[in-house]
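To start, the structure itself, in C-alpha cells.
The values are calculated or read from the model by the stated rules, or taken from the named source; none is laboratory data. What you see is a predicted model, and the numbers here were worked out from it, not measured in a lab. Here the Cβ positions follow ideal geometry from the backbone for every residue, glycine too, while neighbour counts run over all protein chains shown. Only protein heavy atoms, including side chains, enter the accessible area calculation; ligands, DNA and RNA are left aside. Shrake-Rupley method; radii C 1.70, N 1.55, O 1.52, S 1.80 Å.
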Amino acid sequence: GASGRRVWRRRQPCWVSGGPAARRRQRRAELALPWDDPLWGRRGCAEPVAGPPWAGPAPGPAGRHSMLPRHVQRLGRDWIAHWNGSQILALNSPVSNCTRWAGYYPWASFPLPVAVDFSANWRLSPFFGPWRQFQNSNWQLDNFTRSSCFHLPNANMKSEGEEPLTKKRRLSGRHDTSAPEEDTNISNQKEALHLSVAKNEEKHSSKKGPVKRHWEYFCQHSRTMKILENKGIDQSNTESEAKFDFTVMSYNILSQNLLEDNSHLYKHCRQRLLIWTYRFPNILQEIKQLDADVLCLQEVQEDHYRTEIKSSLESLGYHCEYKMRTGRKPDGCAICFKTSKFSLISSNPVEFFRHDIPLLDRDNVGLVLLLQPRLHCKTNAAICVANTHLLYNPRRGDIKLTQLAMLLAEIASVAPQKNGTFCPIIICGDFNSVPGSPLYRFIREGKLNYEGLAIGKVSGQEQFPRGQRILSIPIWPKKLGISQNCVYEIKQQQEENAGEKLKAAKLDNTQEIVIASERLSSKLQHHFKLSSVYSHYFSETGIPEVTTCHSRSAVTVDYIFYSAANEDIAAQPGAEDSFHGGLKLLGRLALLTEKDLWTVNGLPNENNSSDHLPLLAEFRLIER
C-alpha cells in the first residue's frame with residue numbers, strides 16, 4: 001500500500017522495470033493519487049514529461065515522470081484523426097509540452113476521438129475523481145459533430161445554471177489599436193476554423209427554414225402597390241405625384257462585444273451561430289431583402305461599422321450617420337437613408353452622459369436627423385427621424401426617463417417649422433421598456449404623473465422589481481437645462497423671467513409658495529402626440545408580440561413611434577394636432593409570438609443573427 005507507493009516514486013516507470021509486480025504497484029499508486037493535486041503529483045514542469053514506450057525515450061533526469069493515471073498516460077502525443085477517410089481534424093495549438101494529451105476517452109459519454117487542451121497554469125477540476133462530480137461539470141460542446149473539437153474553456157468548471165460571476169470589461173479606449181497583429185491573426189484563424197466546421201456540419205444536418213413574417217396592410221392602395229411591385233410593373237403612372245411613400249426599419253443588430261460579455265443569454269445557441277463572420281452576412285441579407293428607405297440601427301459596433309457595415313450599406317445606396325456611445329463602450333446608433341429618397345438637412349447627436357450630473361453617469365446616446373424628401377413630393381415639409389437605445393437597467397427608471405426627456409428636447413429643437421408647428425416625426429429604438437409601462441405611456445399619451453412611482457416600475461421589465469425607491473421630484477436637476485415639458489429651457493426661462501419681474505412686487509408669501517410648488521410639479525409632458533406602429537398584441541388571440549427573444553426573456557422593447565395624420569385609421573385620436581400634415585401608416589411587417597420564435601430555437605438562430613427582430617413600417621407623407 002503506502003510503502004509500495006513510496007517505492008514507486010523512487011523507481012523507474014513500469015515500462016522500464018517491465019515485471020507484473022511493478023505494474024501492480026503502479027496501479028495501486030494510481031488509485032492512491034491525491035485528486036486535489038492539479039498536476040497529479042507533477043510539481044514542476046521544468047523538464048518534459050516522460051511518455052509511453054511508443055513515444056520514444058523520456059528526456060530529463062530519471063524519476064521526473066508524470067504521475068498520471070494509466071488511461072491518461074496511454075493517450076499519446078499530438079495526433080491527427082481521420083474520420084471516415086474524408087474529414088481530417090488536426091490539433092496544432094501551441095501549449096506546454098509538460099501537460100498535453102489527446103486521444104480517446106473510454107469513460108466519456110460519446111464515442112468520438114476528441115482533442116483536449118490543458119495549460120499548466122490552470123487549477124483543474126478533479127474530473128478524474130468521483131464520477132458524479134465529473135458528470136455534473138459544465139462541459140461545452142462547440143459545434144459537436146463528427147469533425148468538431150471538445151474544449152474545456154473555464155478554469156473552474158461551473159454548474160449548468162451558473163452565470164459568470166462578473167461581466168468582462170473592455171479596458172481598451174475608443175480607437176484602441178495597440179493589440180498586436182498576431183492576436184488579430186489568431187482571432188481570424190479561430191473564426192475561419194469555426195466557419196469551416198460549420199460548413200462540414202451543414203452537410204450532415206438539415207437547416208431549419210426561417211420563420212415567416214407576413215405584411216399587414218392598412219389601406220388598399222398599399223396592397224395594390226405591393227402587388228405591382230412584385231409583378232415588376234412601373235408604378236409611376238399609378239400614383240399621384242403629390243404622394244410620397246417610404247419605409248422605415250428599426251433593428252437592434254446585437255453588438256458582438258455585448259454578445260460576448262453576456263454569453264449567459266445565449267446558452268441555447270450553437271457556438272458557430274454567434275461568430276460575427278457568420279452573423280454579419282445574415283444581417284446584411286435581411287437588410288437587403290427588406291429594402292427599407294430609412295434604417296435605424298442600434299448596437300452598431302464601431303470597428304465593424306468602420307470596416308464593414310458602412311461600406312456595405314453605402315454600396316446599397318444608403319448614406320450613413322453614426323453616433324458612438326461615450327466612454328469605453330464600443331457600440332452606438334446609426335441612421336442610414338437612401339439618397340434616392342432623401343437628402344440630409346441636419347444631423348444632431350445626443351449624448352446622455354453628463355459629467356457634472358451624478359444621475360446621468362451612463363453612456364447611452366441618441367441621434368436625430370432632419371431629412372428632406374426627394375422625387376415627386378410637392379410639399380416642402382421635412383421629416384424628423386430619431387434613433388436611440390435607452391439604458392437597460394430595470395431598476396433605474398429615473399435615468400431612463402431623463403434620457404428620454406433629453407431625446408425629446410432635441411427633437412423639439414430640430415423639428416419646428418416656420419409656421420410654429422412640428423414637421424412629421426418618427427422615433428425608433430430599443431427603449432428597454434415594455435408596452436403599458438409608465439415610460440411607454442408617457443411616449444404615447446404625452447404626459448406622466450410620476451408622484452409616488454417606484455423607480456423599478458418605470459420600464460415594466462420586472463414584474464416584481466427589487467428596488468422600491470420612489471422617484472424624486474423633480475427627477476433631474478435644473479442645471480440639465482430641460483424643463484418638465486421636455487424642451488430646452490433657454491427660451492422658456494427668458495419668457496418666464498420677464499413675466500416674473502413685472503409681478504414680483506405684487507406677490508405675497510402665499511403666492512410665492514404656490515409658484516414654488518408648481519416648479520416642483522411631478523408631471524412630465526411633451527408636445528408630440530405619437531402613435532405606435534405595432535399594437536403589441538395579436539388581435540385574434542391576445543397573445544403578446546415579441547421583438548427580442550433569448551435565454552432569459554421574450555418581450556417587446558423595440559418600437560417605431562410616429563406623428564399620425566388626421567386620416568390615419570391606425571393612429572390614436574387627436575394625434576394630428578400641432579403638426580403640419582403628418583404620416584399615414586400604410587402597412588407593417590408582422591411580428592411573432594414567443595412560441596413562433598422557439599420553433600427555430602429562439603434568437604439568434606441560423607437565419608436571424610440578432611437577438612432582436614427587425615421592425616418595418618411603410619408611411620405616406622400627408623400635407624395638411
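Taking segment 309-331 as the search range and keeping residues that are touching a Lys or Arg at 6+ places or on another chain (Cβ under 7 Å) and in a loop (DSSP other than H, G, I, E, B), which one is surrounded by the most Cβ atoms within 10 Å (Cβ to Cβ)?
Applying the filter and picking the extreme gives PRO330.
Condition (residue is over 21 Å from PHE528 (Cα atoms), part of a strand (DSSP E or B) and under 26 Å from the mean Cα position of the chain (by Cα)) applied to segment 355-367: is it met by at least one residue?
Applying the first criterion (over 21 Å from PHE528 (Cα atoms)) to segment 355-367 yields 355-364.
If we keep only those that are part of a strand (DSSP E or B) too, we end up with none.
No, that holds for no residue.
Can you pull out every residue in segment 579-617 that is part of a loop (DSSP other than H, G, I, E, B), closer than 22 Å to CYS384 by Cβ and open to solvent by 20 Å² or more (accessible area, probe 1.4 Å)? Spell out the reasoning first.
Going residue by residue through segment 579-617, those that are part of a loop (DSSP other than H, G, I, E, B) are 580-581, 590-591, 593, 599-611, 613-614.
Subsequent filtering for residues that are closer than 22 Å to CYS384 by Cβ retains 580-581, 614.
Correct list: HIS580 only.
What tally of residues in segment 355-377 results from selecting those that are charged (D, E, K, R) and farther than 16 Å from ILE475 by Cα?
The first filter runs over segment 355-377 and keeps only residues charged (D, E, K, R), leaving 356, 361-363, 374.
Subsequent filtering for residues that are farther than 16 Å from ILE475 by Cα retains 363, 374.
The number of residues fulfilling the criteria is 2.
Give just the number: which of (1) touching a residue at least 60 places away in the same chain (Cβ under 8 Å); (2) surrounded by fewer than 19 Cβ atoms within 10 Å (Cβ to Cβ) does ARG374 not satisfy?
So the condition that ARG374 fails would be (1).
State the number of residues belonging to segment 432-449 that are outside any loop (DSSP other than H, G, I, E, B), aliphatic (A, V, I, L, M) and either touching a Cys at 6+ places or on another chain (Cβ under 9 Å) or closer than 20 Å to SER250 by Cβ (or both). Outline the logic, then answer.
Residues of segment 432-449 that are outside any loop (DSSP other than H, G, I, E, B), as a first pass: 438-445, 447-449.
Now restrict to residues that are aliphatic (A, V, I, L, M): 439, 443, 448.
Retained after the next criterion (residues that are either touching a Cys at 6+ places or on another chain (Cβ under 9 Å) or closer than 20 Å to SER250 by Cβ (or both)): 439, 443.
Summing the residues that are outside any loop (DSSP other than H, G, I, E, B), aliphatic (A, V, I, L, M) and either touching a Cys at 6+ places or on another chain (Cβ under 9 Å) or closer than 20 Å to SER250 by Cβ (or both) in segment 432-449 gives 2.
Go through the residues of segment 459-466 one by one and say whether even a single one is loosely packed, with under 13 Cβ neighbours inside 10 Å and among the aromatic types (Phe, Trp, Tyr). Don't jump to the end; show me each part of the working.
The initial filter retains those residues of segment 459-466 that are loosely packed, with under 13 Cβ neighbours inside 10 Å, namely 463-464, 466.
Next, from what is left, pick out any that are among the aromatic types (Phe, Trp, Tyr): 464.
Yes, segment 459-466 contains a residue that is loosely packed, with under 13 Cβ neighbours inside 10 Å and among the aromatic types (Phe, Trp, Tyr).
Just one of GLY452, GLY429 is open to solvent by 50 Å² or more (accessible area, probe 1.4 Å) and not in a helix (DSSP H, G or I); which is it? Can you show your working first?
On the way: GLY429 fails: open to solvent by 50 Å² or more (accessible area, probe 1.4 Å).
It is GLY452.
For segment 424-431, does any single residue satisfy the condition of being modelled with pLDDT under 95 and more than 14 Å from THR402 (Cβ to Cβ)? Working first, answer last.
Start the filter on segment 424-431 by keeping residues that are modelled with pLDDT under 95, which leaves none.
There is no residue in segment 424-431 that is modelled with pLDDT under 95 and more than 14 Å from THR402 (Cβ to Cβ).
Within the bounds of segment 487-502, is there any residue that is modelled with pLDDT of 95 or more and either on the phi > 0 side of the Ramachandran plot or open to solvent by less than 60 Å² (accessible area, probe 1.4 Å) (or both)? Steps first, answer last, please.
Here is the first cut: in segment 487-502, the residues modelled with pLDDT of 95 or more are 487-488.
Filter again for either on the phi > 0 side of the Ramachandran plot or open to solvent by less than 60 Å² (accessible area, probe 1.4 Å) (or both), leaving 487.
Checked segment 487-502: at least one residue is modelled with pLDDT of 95 or more and either on the phi > 0 side of the Ramachandran plot or open to solvent by less than 60 Å² (accessible area, probe 1.4 Å) (or both).
For residues that are more than 16 Å from the chain's Cα centre (by Cα) and part of a loop (DSSP other than H, G, I, E, B), scanning just segment 271-292, find the one that is nearest to MET249 (Cα to Cα).
ALA292
Considering segment 332-357 alone, what residues qualify as being small (Gly, Ala, Ser) and open to solvent by less than 30 Å² (accessible area, probe 1.4 Å)? First the steps, then the outcome.
Within segment 332-357, the first condition is being small (Gly, Ala, Ser), and the residues that meet it are 332, 334, 340, 343, 346-347.
Selection gives GLY332, ALA334.
Conditions tested, residue by residue: (1) touching a Cys at 6+ places or on another chain (Cβ under 9 Å); (2) crowded, with 24+ Cβ neighbours inside 10 Å; (3) within 29 Å of LEU448 (Cα to Cα).
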residue	(1), (2), (3)
TYR305	yes, no, no
LEU359	no, no, yes
LEU369	yes, yes, yes
LEU391	no, no, yes
ARG395	no, no, yes
ASP398	no, no, yes
LEU401	no, yes, yes
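Restricting to segment 475-484, count the residues that are open to solvent by less than 40 Å² (accessible area, probe 1.4 Å) and assigned to a loop (DSSP other than H, G, I, E, B).
Step one: list which residues in segment 475-484 are open to solvent by less than 40 Å² (accessible area, probe 1.4 Å), which gives 475-476, 480-484.
After this cut, where a residue has to be assigned to a loop (DSSP other than H, G, I, E, B) as well, the list is 475-476, 481, 483-484.
Residues that pass the stated criteria total 5.
I'd like the full set of residues that are of a type in the set (Phe, Trp, Tyr) and either modelled with pLDDT under 95 or within 25 Å of TRP276 (Cα to Cα) (or both), limited to segment 589-624.
Taking segment 589-624 first, the residues of a type in the set (Phe, Trp, Tyr) are 598, 619.
Listed by number, the list holds a single entry, TRP598.
If I ask for residues that are open to solvent by 70 Å² or more (accessible area, probe 1.4 Å) and at pLDDT 95 or above, which ones from segment 509-534 would you list?
Within segment 509-534, LYS523, GLN525 qualify.
Restricting to segment 456-482, name every residue that is of a type in the set (A, V, I, L, M, F, W, C) and within 15 Å of LEU359 (Cα to Cα). Can you show your working first?
In the first step, residues of segment 456-482 are kept if they are of a type in the set (A, V, I, L, M, F, W, C); the result is 458, 464, 470-471, 473, 475-476, 480, 482.
Across segment 456-482, the qualifying residues are ILE470, LEU471, ILE473, ILE475, TRP476, LEU480, ILE482.
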